[in-house]
Amino acid sequence: FLLFFSSSPPPFFLLLPSPPPPLFVADFGCSLYGTQFGDRGARACAECIKANKHLTVFGIHYNKIGDAGAQAIADALQVRPKQILWMQANELTEVGKSALRDVQRRFKSLEIKLEED
């Protein structure tokens, strides 16, 4: 399944069947930049990460994600690692950042952006 959010109220979710249509089979990225969905949305994103083997780049920056959301994302990445995760400008403390860095150490090919560069 692939999950999309709308940035206009009220938010909505769109689930595509798995396996995805042929259009989505190539390397695929999803950016949910600035939707402000917080930890609740991060947990939904974690389920999307676990369910979609074709999703390789995932951008969830500027979304008010805290440590609980970061932990959910880290747990999902343990199940199905991606290539790139953008999580800049969220509300992470060292606890959430540490959970993500632990996954990054395990999967050397995973690039996680936590800070603005």
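The values are calculated or read from the model by the stated rules, or taken from the named source; none is laboratory data. A quick note: this is a predicted structure, and the numbers were derived from the prediction, not measured. Note that we place each Cβ from the backbone using ideal geometry, even for glycine, and neighbour counts take in every protein chain shown. Please note that ligands, DNA and RNA were not included when accessible areas were found on the heavy atoms of the full protein model with its side chains. Shrake-Rupley method; radii C 1.70, N 1.55, O 1.52, S 1.80 Å.
Here is how the numbers come out for the structure above:
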| item | result |
| --- | --- |
| Mean accessible surface per residue for the range 31-92, computed with a 1.4 Å probe while every protein chain stays in place, in Å² | 41 Å² |
| Net charge of neighbours whose Cβ lies under 13 Å from the Cβ of GLU94, counting Lys and Arg as +1 and Asp and Glu as -1 | -2 |
| Extension gain from VAL57 to GLU111, taking 0.36 nm per residue of separation minus the Cα-Cα distance | 18.5 nm |
| Within-15-Å neighbourhood charge of LEU32 [Cβ basis; K, R +1; D, E -1] | +3 |
| Hypothetical label at GLN36: residues of the range 61-97 whose amide nitrogen lies under 13 Å (7 Å Cα-Cβ projection) | 62-65 |
